[in-house]
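Chemist: My structure is below; once you've seen it, I'll send some questions.
The values are calculated or read from the model by the stated rules, or taken from the named source; none is laboratory data. Please read all numbers here as calculations on a predicted model, not as lab measurements. Cβ placement follows ideal geometry from the backbone for every residue including glycine, while neighbour counts extend to all protein chains displayed. Just so you know, the surface numbers come from the protein's heavy atoms only, side chains and all, with ligands and any DNA or RNA stripped out. Shrake-Rupley method; radii C 1.70, N 1.55, O 1.52, S 1.80 Å.
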Amino acid sequence: MIENKYPKWLALCYSIFFIALGINPAFRAVWIAEAIPLMIVFLFLVFSYRYFVFSNLAYTLMAIWLILHNIGAHYTFANVPFDWVNHLLDSNRNHFDRFAHFSIGFYAFPIAEFLVRKGHCKPIIAALFGLFAIMSTAAAYEIVEWWYAASAGGEAGIEFLGSQGDIWDAQKDMLADTLGAIFSLAIFFFAKTYNVKNNNR
């Protein structure tokens, strides 16, 4: 059986990317705060690899958030060079953080994949669990953002919060997380259907 080296190469590439963007970030304090969840997720995936290997598609989806969040940590989310999209949307606000939040929802895919492959529940229940897990995580993260911004104060607190003057920023971020989860779960069911058709040939 040929070993699947894709996850290891992906992990190596991301490690280099993480180190590179950790050099001279815009705000070191903000970078450290933003890097903590990145390291928790990445190290969890590394250490869990020997016990459970996700599909290449699941690892790719998870890597998207790691990469986008890493970019946001380097520049701060409000200051990522993203003008071409902002102009496309005819907005003065930097919408990079919305894309990053949308990609958080992609983790609903590996959650559902894990539950189904382990035989814990049917795909529909697994998908609902993945969706609700993302929604609750999104709410928890917004609370953490508020706590850090209130504790740190000053410019670092404002940059970490990244609301850019939008009073509904937290709600819109949670909506982006939820829509990302729905999108990834649609991919989950499409991939599952595709695999079933191929296995029946």
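Chemist: Between Phe44 and Thr193, what length comes free when the chain is fully extended (0.36 nm per residue of separation minus the Cα-Cα distance, one decimal in nm)? Write down the numbers at each step before the final one.
Modeler: Values: separation 149, 0.36 × 149 = 53.64 nm, distance 2.87 nm.
Length gained, Phe44 through Thr193: 50.8 nm.
Chemist: Let me ask you something else. Count the net charge of all other residues whose Cβ sits under 9 Å from the Cβ of Asp173, scoring Lys and Arg as +1 and Asp and Glu as -1. Let's see the in-between values first.
Modeler: Details: positive: Arg98, Lys172; negative: Asp97, Glu142, Glu145, Asp169, Asp177.
Every neighbour counted, the sum reads -3.
Chemist: OK, next. Can you tell me the dipole magnitude for segment 5-191 around its Cα centre, using point charges on the Cβ only (Lys, Arg +1; Asp, Glu -1), in Debye to the nearest 20?
Modeler: Details: 10 positive and 13 negative charges, 206 e Å.
Approximately 980 debye in magnitude.
Chemist: Among the complete DSSP H segments of the chain, which ones combine at least 18 Å of alpha-carbon extent along their axis with a mean Kyte-Doolittle hydropathy of -0.5 or more? It would help to have the intermediate numbers written out before the result.
Modeler: On the way: long enough: 6-21 (22 Å, 1.39); 28-48 (29 Å, 2.00); 56-75 (29 Å, 0.90); 123-152 (42 Å, 1.26); 169-199 (45 Å, 0.21).
For the chain, where a helix must reach 18 Å along its axis and average at least -0.5, the hits are 6-21, 28-48, 56-75, 123-152, 169-199.
Chemist: Expressed in nm², what is the orientationally averaged projection area of the convex hull enclosing the Cα positions of segment 70-138?
Modeler: Values: hull surface 23.3 nm².
In nm², the orientation-averaged hull projection of segment 70-138 is 5.8.
Chemist: Follow-up. Per DSSP helix of 4 or more residues, -39500 (n - 2.57); summed, then divided by the residues of the chain. What does that give at 222 nm, rounded to the nearest 500? List each step's numbers first, then the result.
Modeler: Numbers: 9 runs with 151 residues, N = 201.
Mean residue ellipticity at 222 nm (helix-derived): -25000 deg cm²/dmol.
Chemist: What do you get for chymotrypsin sites (Phe, Trp or Tyr not before Pro) in segment 1-60 restricted to DSSP loop and a cutoff of at most 14 other Cβ within 10 Å of the site's Cβ? Provide the component values of the computation, followed by the final result.
Modeler: Numbers: sites: Trp9, Tyr14, Phe17, Phe18, Phe27, Trp31, Phe42, Phe44, Phe47, Tyr49, Tyr51, Phe52, Phe54, Tyr59; in loops: Phe27, Tyr49, Tyr51, Phe52, Phe54.
When the chymotrypsin sites (Phe, Trp or Tyr not before Pro) of segment 1-60 are filtered for loop state and at most 14 Cβ neighbours within 10 Å, Tyr49, Tyr51, Phe52 remain.
Chemist: Given axes a ≥ b ≥ c from the Cα gyration tensor, I'd like to know whether segment 1-57 is rounded (a/c under 1.5), prolate (a/b larger than b/c) or oblate. Kindly include the intermediate steps, with their values, before the conclusion.
Modeler: Numbers: a/c = 4.00, a/b = 2.12, b/c = 1.89.
Prolate shape, in that a/c is at least 1.5 and a/b is the bigger ratio.
Chemist: Expected output is a single nm value to one decimal: the length gained when fully extending between Thr60 and Lys172, i.e. 0.36 nm times separation in residues minus the C-alpha distance. What is it? List each step's numbers first, then the result.
Modeler: Values: separation 112, 0.36 × 112 = 40.32 nm, distance 2.48 nm.
Contour length minus Cα-Cα distance gives 37.8 nm.
Chemist: How big is the accessible area of Lys192 in square angstrom, nearest 10, if you roll a 1.4 angstrom probe over the protein chains?
Modeler: Counting only protein heavy atoms, the figure is 70 Å².
Chemist: Could you please put Thr178, Thr76 in sequence from largest to smallest accessible area, using a 1.4 Å probe? Before the final figure, lay out each step's value.
Modeler: Working: Thr178 25, Thr76 0 Å².
Output order, biggest surface exposure first: Thr178, Thr76.
Chemist: How large is the Rg to Rh ratio of the chain when both quantities use alpha carbon positions and Rh follows Kirkwood? Let's see the in-between values first.
Modeler: Details: Rg = 17.9 Å, Rh = 18.0 Å.
Using Cα coordinates only, the ratio equals 0.99.
Chemist: Counting only the heavy atoms of the protein chains, how much of Met62 is accessible to a 1.4 Å probe, in Å² to the nearest 10?
Modeler: Its accessible surface works out to 10 Å², give or take rounding.
Chemist: Could you tell me the relative contact order of the chain? Use alpha-carbon pairs under 8 Å, at least six residues apart, and round to a whole percent.
Modeler: On the way: 208 pairs, mean separation 46.6, N = 201.
Relative contact order, the chain: 23 percent.
Chemist: Please report, to two decimal places, log10 I(q)/I(0) for segment 26-128 at q = 0.18, 0.19, 0.20, 0.25 Å⁻¹ as given by the Debye formula with identical point scatterers on the Cα atoms and no solvent.
Modeler: Summing over Cα pairs of segment 26-128 leads to -0.91, -0.97, -1.02, -1.28.
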